[in-house]
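A short worksheet on the structure shown next.
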Number of protein chains: 2
Amino acid sequence: MEQETRQINLALIGFGHVGRAFARLLIDRRRWFLKEHGLECRITGIATRGHGTAIDHDGLPVQKILGAWKKDAGLGAFHNGPACASCADFIRQCGADILFEMSVQNMKGEPAASYIREALGAGLHVITVNKGPVATHFSQLTRLARQRDVRFLYEGTVMDGAPVFGMVRHTLPATHIHSLRGIFNSTTNYILTQMEQGAPFDAALEYTRNAGIAEADPALDLDGWDCAAKLSILIQALMGGKVKPGDIERAAISEDTGRRVRAALRRDRRLRLVARAYRQGGKVVGKVELQELEVFDPLAAIRGLSNILVMNTDTMREMAVVENDPSVEQTAYALFADLVSLL
Amino acid sequence: MEQETRQINLALIGFGHVGRAFARLLIDRRRWFLKEHGLECRITGIATRGHGTAIDHDGLPVQKILGAWKKDAGLGAFHNGPACASCADFIRQCGADILFEMSVQNMKGEPAASYIREALGAGLHVITVNKGPVATHFSQLTRLARQRDVRFLYEGTVMDGAPVFGMVRHTLPATHIHSLRGIFNSTTNYILTQMEQGAPFDAALEYTRNAGIAEADPALDLDGWDCAAKLSILIQALMGGKVKPGDIERAAISEDTGRRVRAALRRDRRLRLVARAYRQGGKVVGKVELQELEVFDPLAAIRGLSNILVMNTDTMREMAVVENDPSVEQTAYALFADLVSLL
């Protein structure tokens, strides 16, 4: 009477805060996978930049690896497979059905985009939380996935596990998005709303770095690049526009922005880093701007690390999704939700 | 090279504001259905309380019926099928695969619940926007649908087409909802926020009646019943609790509530009709209360006809969905989204 248990092999590139939170989530939900989907997820490969690489086609001992991680032991001791000279080697030899791409990236989305291309080309499904490659190579990567008949999912690139892409894809059929606006960068929103309450810029920035919220290079947050990259993905995935991060006018925030925050407050308004996209003459335009908002604007109510997406549609008029106080666990959950959607 | 077009037969009980908006939406999206799903939706039956019944197994001329409706002509002229002595007759003879239940209901959810039971029993899928039957007979109807291997969907019962149930079902896998709160009744929220701005109670109520937002009997809005029914569905569908509308403590609003609205405003707070559910000793508790909220509470920002649902979960912490200024078109879209999800 026993149901056959299917094995799914996963490989991870990157094993930082998000990767480890995802590995813990998989362990936590092991019984849920068995019960709901009759399958067992094994991690057969982990590749990192600074802690080595491990492959085991019978499944790596993830619990042990997480334990050893605290002692900064690296992955070498767990390797039980072919030698890999490169990440491309790793992708071809890890024996995985699905690659989770979480590597550290630069503004051009490299080397993440190359890893994704390699994996899709080799017939692996790919799930990523990396904005850079998705924003910069959107049409190329989605086309490649279609050609190879595999899935390419990226829910975690915008608002973590809050189901932005999933919601439009699965629950808003035949919907045309006229325009959208939102707050997508937790670091700058935290800094702006902390300054609103009188806290200094540096302390607020430091908090987001320690919480693992800020980008590895926080300049990518402060100069609006992170926000522009996310807006670019929303435009390409949901509005069919061909807008790359570089096409988006950006605003930056710095210590000096404190004066504008306080001036807005005196007028009973709130300064926010607002990303917006709208249609103009058959094209989509994207902008990241510092805007003074009326207090009753839904974006003004978004404080701290929270995020919001407001969409104007033909079917549902104006609809918003809010994510309050996300942490790395919520980014890891995006990978999990994409995984379940793929299964 | 032509793709085979599948025919799906639909029947409608009720042809008021929502039913007619749904019929218009089906006509508008005819090409979308053909292109995306390779199928054609025909309406083979419409039953109403005051305008007669029409059945045509080859598909009713919906465009013509909508045109004739303005002249108050009734459905008799379009009937081209077996005679129906009752709604049960209609359900058995309309030749539909899916029944859309939109009849006028009383507090016990009748006769809607009987129609749904009849249809599920006869092997039809059922989609409804009627809160009453879903709230009052939730376990019975969902069990019956499982036994007959058909779907029973009710997205439109809470927050119209904003994908509350769909979002949890399709995009938040393995998620446990600790608690939830929200504003689910447009009529009372419109009245409260209009009184906040100095408008009189009666004028605000009148507006919601003319806009087709208030219940046929607005007492069901004002005494919190509508809100309690929605909360009951959320608890039963999303939190696994066995809480019927009658188990929910309710607050009412009336002309006198204006004093409390103004008193709250003087303290820089906002009075809202808040529905909330939380777990206590293995059970779920539901309450509908008039609460004074701080201005930065996300529920305080909800004005006019808008609605919000805030969920506290184990995977995504706090997440919210907001629906701004809905109309009957948004309720009709809930039926449409359920239909697509079913296909």
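Could you tell me whether any residue of region B:107-121 is in the same structural domain as residue B:142 (by TED's automatic domain parsing), touching a strand residue (DSSP E or B) at 6+ places or on another chain (Cβ under 8 Å) and outside any helix (DSSP H, G or I)?
No, region B:107-121 contains no residue that is in the same structural domain as residue B:142 (by TED's automatic domain parsing), touching a strand residue (DSSP E or B) at 6+ places or on another chain (Cβ under 8 Å) and outside any helix (DSSP H, G or I).
When you go through (1) more than 9 Å from chain B (Cβ to nearest Cβ); (2) surrounded by fewer than 21 Cβ atoms within 10 Å (Cβ to Cβ); (3) farther than 24 Å from residue B:293 by Cα one by one for residue A:329, which number turns out not to apply?
Just one mismatch for residue A:329, condition (1).
Please state which one of B:274, B:295 is touching a Lys or Arg at 6+ places or on another chain (Cβ under 7 Å) and facing another protein chain (nearest Cβ under 10 Å).
B:295
Could you list, in sequence order, the residues of region A:186-211 that are without any contact (Cβ under 8 Å) to a residue 40 or more places away in the chain, surrounded by 14 or more Cβ atoms within 10 Å (Cβ to Cβ) and outside any helix (DSSP H, G or I)?
A:199
Of the residues B:38, B:121, B:50, which is free of Cβ contacts under 8 Å to residues at least 60 places away in the same chain, within 30 Å of residue B:139 (Cβ to Cβ) and among the small types (Gly, Ala, Ser)?
B:121
Condition check: surrounded by 17 or more Cβ atoms within 10 Å (Cβ to Cβ), within 19 Å of the chain's Cα centre (by Cα) and not β-branched (Val, Ile, Thr). Does residue B:245 satisfy that?
yes
Among what's in region B:58-106 and is charged (D, E, K, R) and surrounded by fewer than 20 Cβ atoms within 10 Å (Cβ to Cβ), pick the residue that is nearest to the chain's Cα centre (by Cα).
Residue satisfying both the conditions and the ranking: B:97.
Somewhere in region B:212-227, is a residue within 14 Å of another protein chain (Cβ to nearest Cβ), within 26 Å of residue B:16 (Cβ to Cβ) and either in a helix (DSSP H, G or I) or in contact with a Lys or Arg (Cβ under 8 Å, 6 or more places away or on another chain) (or both)? Steps first, answer last, please.
Pass one, region B:212-227, residues within 14 Å of another protein chain (Cβ to nearest Cβ): B:213.
Remaining after also requiring within 26 Å of residue B:16 (Cβ to Cβ): B:213.
From what's left, either in a helix (DSSP H, G or I) or in contact with a Lys or Arg (Cβ under 8 Å, 6 or more places away or on another chain) (or both): none.
So far as region B:212-227 goes, no, none of its residues is within 14 Å of another protein chain (Cβ to nearest Cβ), within 26 Å of residue B:16 (Cβ to Cβ) and either in a helix (DSSP H, G or I) or in contact with a Lys or Arg (Cβ under 8 Å, 6 or more places away or on another chain) (or both).
Can you find a residue in region A:87-96 that is assigned to a loop (DSSP other than H, G, I, E, B), farther than 21 Å from residue A:339 by Cα, touching a strand residue (DSSP E or B) at 6+ places or on another chain (Cβ under 8 Å) and not β-branched (Val, Ile, Thr)? Even if it seems obvious, please write down each step before you answer.
Residues of region A:87-96 that are assigned to a loop (DSSP other than H, G, I, E, B), as a first pass: A:94-96.
Okay, now just the ones that are also farther than 21 Å from residue A:339 by Cα, so none.
Scanning region A:87-96 turns up no residue that is assigned to a loop (DSSP other than H, G, I, E, B), farther than 21 Å from residue A:339 by Cα, touching a strand residue (DSSP E or B) at 6+ places or on another chain (Cβ under 8 Å) and not β-branched (Val, Ile, Thr).
On the basis of being aliphatic (A, V, I, L, M) and either buried (at least 24 other Cβ atoms within 10 Å of the Cβ) or at pLDDT below 95 (or both), does residue A:164 make the cut?
Criteria met by residue A:164.
Pick from region B:1-52 the residues that are touching a strand residue (DSSP E or B) at 6+ places or on another chain (Cβ under 8 Å) and aromatic (Phe, Trp, Tyr): which of them is surrounded by the fewest Cβ atoms within 10 Å (Cβ to Cβ)?
Filtering region B:1-52 for residues that are touching a strand residue (DSSP E or B) at 6+ places or on another chain (Cβ under 8 Å) and aromatic (Phe, Trp, Tyr), the one surrounded by the fewest Cβ atoms within 10 Å (Cβ to Cβ) comes out as B:33.
Looking at B:65, B:46, B:98, B:127, which one is closer than 30 Å to residue A:169 by Cβ and touching a Phe, Trp or Tyr at 6+ places or on another chain (Cβ under 9 Å)? Even if it seems obvious, please write down each step before you answer.
Values: B:65 fails: closer than 30 Å to residue A:169 by Cβ; B:46 fails: closer than 30 Å to residue A:169 by Cβ; B:98 fails: touching a Phe, Trp or Tyr at 6+ places or on another chain (Cβ under 9 Å).
Sole residue among the options that is closer than 30 Å to residue A:169 by Cβ and touching a Phe, Trp or Tyr at 6+ places or on another chain (Cβ under 9 Å): B:127.
Tell me which residues, restricted to region A:26-83, are among the small types (Gly, Ala, Ser), in a helix (DSSP H, G or I) and either within 24 Å of residue A:330 (Cα to Cα) or out of contact with any helix residue (DSSP H, G or I) (no Cβ under 9 Å at 6 or more places or on another chain) (or both). Before the answer, list the steps.
First, the residues of region A:26-83 that are among the small types (Gly, Ala, Ser): A:38, A:45, A:47, A:50, A:52, A:54, A:59, A:67-68, A:73-74, A:76-77, A:81, A:83.
From what's left, in a helix (DSSP H, G or I): A:67-68, A:76-77.
A:67, A:68, A:76 - these are the residues of region A:26-83 that are among the small types (Gly, Ala, Ser), in a helix (DSSP H, G or I) and either within 24 Å of residue A:330 (Cα to Cα) or out of contact with any helix residue (DSSP H, G or I) (no Cβ under 9 Å at 6 or more places or on another chain) (or both).
Confirm whether residue B:318 is facing another protein chain (nearest Cβ under 9 Å), crowded, with 22+ Cβ neighbours inside 10 Å and acidic (Asp, Glu).
In short, no.
Within region B:127-185, take every residue that is part of a loop (DSSP other than H, G, I, E, B) and within 19 Å of residue B:98 (Cα to Cα) and give me the one that is nearest to the other protein chains (Cβ to nearest Cβ).
B:161
The values are calculated or read from the model by the stated rules, or taken from the named source; none is laboratory data. On a predicted model such as this, the values are computed, not experimentally measured, just so you know. FYI the Cβ positions are ideal-geometry reconstructions off the backbone, even for glycines, and counts take in every protein chain you see.
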